[in-house]
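The values are calculated or read from the model by the stated rules, or taken from the named source; none is laboratory data. Everything numeric here is computed off the predicted structure, so don't read it as measured data. A quick note on method: Cβ atoms are made from the backbone with ideal geometry, for glycine too, and the neighbour counts reach across all protein chains shown.
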C-alpha cells in the first residue's frame with residue numbers, strides 16, 4: 001500500500017511539474033521558429049507567420065494582404081523580436097511554453113497561444 005501511495009504521489013508531482021509555464025531561451029526560440037511557420041489567432045483573425053532562416057518573416061492573415069518583415073532573437077533578453085514596414089523600433093515578445101502549447105507574451109497583451117508547423121506553410125493545405 002505504501003508503494004502505491006508513493007507512486008501516486010510521484011505521478012501527481014510529475015503532472016504539476018509538467019503544467020508549469022517555461023520561458024524559452026534564445027537558443028530554444030531560434031530552434032523553434034527558424035524555417036518554420038507559427039499558426040494562431042491574433043485579434044480574432046487566424047494567421048500564419050513564416051520565419052526564414054535568413055531573418056525574413058512573412059505574416060499572412062485571413063482577409064488581409066501579407067506583410068514582409070524581419071525577425072531576430074535577442075540573446076541577452078531571451079526574446080523574439082520583429083520589425084515591420086513603417087516601424088521605427090524592433091518589438092520584443094517572450095515565447096512561453098505551457099502544457100505543451102506555445103504563447104507569445106508581452107507587457108502590452110495577454111498570452112496569445114500559437115502552434116508551430118515544420119517548414120513553410122503560408123497557404124493552408
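Take the residues of the range 1-55 that are modelled with pLDDT of 95 or more and in a loop (DSSP other than H, G, I, E, B): which is surrounded by the most Cβ atoms within 10 Å (Cβ to Cβ)?
Residue satisfying both the conditions and the ranking: 24.
Can you name the residue in the range 85-100 that is in contact (Cβ under 8 Å) with a residue 24 or more places away in the chain and in contact with a strand residue (DSSP E or B) (Cβ under 8 Å, 6 or more places away or on another chain) and, of all such residues, is surrounded by the most Cβ atoms within 10 Å (Cβ to Cβ)?
Per the stated criteria, the residue is 95.
Criterion first (surrounded by 14 or more Cβ atoms within 10 Å (Cβ to Cβ), in contact with a helix residue (DSSP H, G or I) (Cβ under 6 Å, 6 or more places away or on another chain) and in contact (Cβ under 8 Å) with a residue 60 or more places away in the chain) does residue 73 satisfy it?
Against the criterion (surrounded by 14 or more Cβ atoms within 10 Å (Cβ to Cβ), in contact with a helix residue (DSSP H, G or I) (Cβ under 6 Å, 6 or more places away or on another chain) and in contact (Cβ under 8 Å) with a residue 60 or more places away in the chain), residue 73 does not qualify.
Which of the residues spanning the range 101-121 are modelled with pLDDT under 95, within 15 Å of residue 59 (Cα to Cα) and either loosely packed, with under 14 Cβ neighbours inside 10 Å or out of contact with any strand residue (DSSP E or B) (no Cβ under 9 Å at 6 or more places or on another chain) (or both)?
Passing the criteria: only 119.
Filter the range 69-79 down to the residues that are part of a strand (DSSP E or B) and either more than 10 Å from residue 57 (Cβ to Cβ) or at pLDDT below 95 (or both) and list them by number.
Within the range 69-79, 73, 74, 79 qualify.
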